[in-house]
Amino acid sequence: MRFPIVKHFKYFMGLTLLVLFIGVISIFTHGFNMGIDFTGGSIVDLTFENEVTVSQVRDVLSQHGMGNSIIQLENSTNNEKSKSVLIRTGLVEDDQLRAAVSDMQGALGNYQINRMENIGATIGEELIEQAAMAVEFNFAVAAVAALVIDVFVTISYFSFFQMELDSSFVAALLTVVGFSINGTVVIFDRIRENLKLHRRSEGLEELVETSIW
């Protein structure tokens, strides 16, 4: 025996509205924890004489308020140590960044600076603008509403728990959009097919219920 989804749609709508309400409050009160992909920052490429670990590099950066930096080990034979390290920090003063890099010599040994430069918001304005242009306004109101709700619930979750927004978040959000559109198309297509076999004695609720299952 299957659970009657359409019959209890008011409960689902109530739960959805509750989640959206919490999301709106969270977005307006907490905002988002933007990663450097959105805010910009600095990138430092170092080659040490001896292999170092991510935790060792992060310990030095933490002393200068940059503990949340993205640290990547390059050209490593294992996942724990490497001589080549790529550091991506948030927006910090040049003096603060140079002081942190300078302190690494005393803590981690000699190194060579391959690159140290400021980077812009690589996916911030560009990607948001492109994503907005990519939205098709020819979908039915229900399809658009479903898509908006799915996306909004996702970003509300990130806002409520203050999870960092970076390029991985954008990839995940596009995946949510893809599944949302696909699910809507599949259900709507099944409703269209079932309309051909629809008996007048059946109500719209029963038709939609059958199509969903």
| Applying the selection to segment 22-77, what residues are more than 24 Å from Phe169 (Cα to Cα) and among the aromatic types (Phe, Trp, Tyr)? | Phe48
| query | Mind checking whether some residue in segment 44-53 is in contact (Cβ under 8 Å) with a residue 24 or more places away in the chain and within 26 Å of the chain's Cα centre (by Cα)? | reply | yes
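Anything in segment 56-113 that is among the acidic types (Asp, Glu) and either modelled with pLDDT of 85 or more or assigned to a strand (DSSP E or B) (or both)? List them, or say none.
Those that are among the acidic types (Asp, Glu) and either modelled with pLDDT of 85 or more or assigned to a strand (DSSP E or B) (or both): Asp59, Glu74, Asp103.
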| Of the conditions (1) closer than 21 Å to Asn114 by Cβ; (2) without any contact (Cβ under 8 Å) to a residue 12 or more places away in the chain, Leu18 fails just one. Which one is it? | (1)
| request: Select from segment 171-181 the residues that are buried (at least 17 other Cβ atoms within 10 Å of the Cβ) and either closer than 24 Å to Ser69 by Cβ or touching a strand residue (DSSP E or B) at 6+ places or on another chain (Cβ under 7 Å) (or both) and list them in ascending order. | output: Leu173
| task | Might you check whether a residue that is among the acidic types (Asp, Glu) and open to solvent by 80 Å² or more (accessible area, probe 1.4 Å) occurs anywhere in segment 58-67? | result | yes
| field | Ile70 vs. criteria out of contact with any Asp or Glu (no Cβ under 7 Å at 6 or more places or on another chain) and not small (Gly, Ala, Ser) | value | yes
| query | Consider Ile27 against the criteria (1) outside any helix (DSSP H, G or I); (2) touching a helix residue (DSSP H, G or I) at 6+ places or on another chain (Cβ under 8 Å); (3) not hydroxyl-bearing (Ser, Thr, Tyr): it satisfies all of them except one. Which criterion is unmet? | reply | (1)
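The values are calculated or read from the model by the stated rules, or taken from the named source; none is laboratory data. These numbers come from a predicted model, not from an experiment. Counting neighbours? That spans all protein chains shown, and the Cβs are built from the backbone with ideal geometry, glycine included. Accessible surface areas use protein heavy atoms only, side chains included; no ligands, DNA or RNA. Shrake-Rupley method; radii C 1.70, N 1.55, O 1.52, S 1.80 Å.
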